[in-house]
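I have placed the structure first, in the form of structure tokens, so that the comments after it can refer back to it.
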Amino acid sequence: MNNLTNESFDDLLSAAIDEPSSRFQFYKALVELELIVIGTVADDETLNLKYIEEDGELVLPVFTSWEKFDEIIHPSIHM
């Protein structure tokens with residue numbers, strides 16, 4: 001994740017939510033991250049992403065680390 005830790009990225013996300021002027025720093029950090037998504041690769045040109053329904057809307061879960069992925073996808077392991 002380059003020099004960015006999950007904690008500092010979470011801080012950038014929180015700041016971006018609360019203060020629109022902080023969003024540039026958040027997006028700048030976001031493009032440098034390795035992101036984890038759920039899906040399959042059909043061929044060299046097709047990625048089938050798994051969306052979930054949350055409060056009647058489709059949402060694409062995106063994780064910034066395998067640890068965060070495991071905490072959400074396998075919560076019983078982390079209790």
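The values are calculated or read from the model by the stated rules, or taken from the named source; none is laboratory data. Here the structure is a predicted model, which is why all the values come from computation and not from measurement. Ideal geometry is used to build each Cβ from the backbone, glycine not excepted, and the neighbour counts take in all protein chains shown.
Key figures for this structure:
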{"quantity": "Candidate set from region 10-28 (those that are under 14 Å from Thr64 (Cα atoms) and of a type in the set (Phe, Trp, Tyr)); member that is surrounded by the fewest Cβ atoms within 10 Å (Cβ to Cβ)", "calculated": "Tyr27"}
{"quantity": "Neighbours by Cβ (under 9 Å, 6+ apart or cross-chain): first from region 24-49, at pLDDT 90 or above; second exposed (fewer than 10 other Cβ atoms within 10 Å of the Cβ) and not polar (S, T, N, Q)", "calculated": "Leu47/Val41; Asn48/Val41; Asn48/Ala42"}
{"quantity": "Among residues of region 39-79, those that are out of contact with any His (no Cβ under 8 Å at 6 or more places or on another chain) and either in the same structural domain as Asp10 (by TED's automatic domain parsing) or assigned to a helix (DSSP H, G or I) (or both), counted", "calculated": "10"}
